[in-house]
Amino acid sequence: MTIRPVEFRSGGETLVGDLHLPPGDSRPPAAVVVAGSWTTVKEQMAGRYARGLARRGVAALAFDFRGHGASGGTPRDAELPDRKVADLVAAAGFLRGCSLVDGARVGGVGICAGAGYLAAAAEAARFGSLAMIAPWLHDAELAREVYGGEGGVAERIRRGEAAAAEFARTGAVRYVPAVSTTDPAAAMPGPFRYYLDPARGAVPQWPNRFAELSWPHWLRFDAIAAASRVTAPVLLVHSEDAALPGGVRKFLARLAGPSTVHWRTGTQFDFYDDEPTVAAALDLAAAHSADRSRR
């Protein structure tokens, strides 16, 4: 496997990524854009999946979204779905013009929230295939279930709008931890070891912070509504013990194109770095992407 540092433009900013290329193939391979969970950088689960896909014969681009990691853009560490969707469309365009891959066979692989963003980008990006691994797919109803009902959602939106007004007025970004076991204001309060263990997801490139101005954008993002615009073949790999299996069922009910669903075992974080769980998901995603990515 070869890893090529790459750069491309989106929204007037330079995005930085790693293009993982399969070994020993004289023909340009099928390629996918890989998107990880919310708040993350390319060195976390996106990079892990990109490496695994390349070892299975599919070129894979893991990159930092605007405002994250090594890429340009402000505000930093803000979860802005519309911005991320536009970056994914730009990433697909980069692969279509890249001589190292087969630009006629470009798909997407998304883990957790990245799957929902890829679904929202699928039509504009002209993805030939979409693989969704442990996808986090919410709408307004599911957001209320996750975030403490109408009151919990309203409070986060209130904090987010206040933070956005402060940013517009002063340029200062109000942050809370992305993950914390002690701060209830964190985006993900709880003992989420993947993000807190340096041997797992607590990599130096990830600052563990969340711009509070993100809340209205994240909570109002409807990944399930995107299903009606996805016509490319979809692979879904999930578990009843992972996050929001109900969101998967709602997404499938609205999906415009064909789908293949594999219900596995494991928690949400098992799909990030548990080797047997990830390897099984990679086998499925690589086969789906190689076979279905022409569009």
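The values are calculated or read from the model by the stated rules, or taken from the named source; none is laboratory data. Owing to the predicted nature of the structure, the values given are computational and were not obtained by experimental measurement. Backbone-built Cβ (ideal geometry, glycine too); neighbour counts: all protein chains shown. Just so you know, the surface numbers come from the protein's heavy atoms only, side chains and all, with ligands and any DNA or RNA stripped out. Shrake-Rupley method; radii C 1.70, N 1.55, O 1.52, S 1.80 Å.
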Quick check: is even one residue across the stretch 258-270 touching a His at 6+ places or on another chain (Cβ under 7 Å), buried (at least 22 other Cβ atoms within 10 Å of the Cβ) and at pLDDT 95 or above?
-> no
Single condition ALA172 does not satisfy, out of (1) over 21 Å from the mean Cα position of the chain (by Cα); (2) in a helix (DSSP H, G or I) = (2)
Those residues of the stretch 175-191 which are crowded, with 18+ Cβ neighbours inside 10 Å and not polar (S, T, N, Q), in sequence order | TYR175, VAL176, PRO177, ALA178, VAL179, ALA186, ALA187
Considering only residues of the stretch 255-287 that are out of contact with any Ser or Thr (no Cβ under 6 Å at 6 or more places or on another chain) and among the charged types (D, E, K, R), which is nearest to TYR195 (Cα to Cα)?
-> ASP273
For the stretch 1-40, which strands (runs of 3 or more DSSP E) that fit wholly inside it have 2 or more residues that are open to solvent by less than 10 Å² (accessible area, probe 1.4 Å)?
-> 13-21, 31-35
Six or more apart or on different chains, Cβ under 6 Å: which pairs go from a residue in the stretch 64-91 that's within 18 Å of GLU161 (Cβ to Cβ) to one that's among the β-branched types (Val, Ile, Thr)? Could you list them?
-> PRO75/VAL173
What residue, of ALA104, ALA164, ALA154, ALA115, is more than 22 Å from the chain's Cα centre (by Cα) and within 17 Å of ALA31 (Cα to Cα)?
-> ALA104
Could you name every one of the helices (runs of 4 or more DSSP H) located completely within the stretch 188-295 that has at least 3 residues being small (Gly, Ala, Ser)?
-> 245-254, 275-292
Residues LEU137, LEU100: which one is in contact with a Phe, Trp or Tyr (Cβ under 6 Å, 6 or more places away or on another chain) and assigned to a loop (DSSP other than H, G, I, E, B)?
-> LEU137
Of these, ALA54, ALA121, which one is more than 25 Å from ALA279 (Cβ to Cβ) and open to solvent by less than 10 Å² (accessible area, probe 1.4 Å)?
-> ALA121
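Each row is one residue, and each column tells you yes or no for (1) buried (at least 19 other Cβ atoms within 10 Å of the Cβ); (2) closer than 23 Å to PHE192 by Cα; (3) β-branched (Val, Ile, Thr).
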position	(1), (2), (3)
ILE224	yes, no, yes
ALA227	yes, no, no
VAL234	yes, no, yes
LEU244	yes, yes, no
GLY247	yes, yes, no
ALA253	no, no, no
SER289	yes, no, no
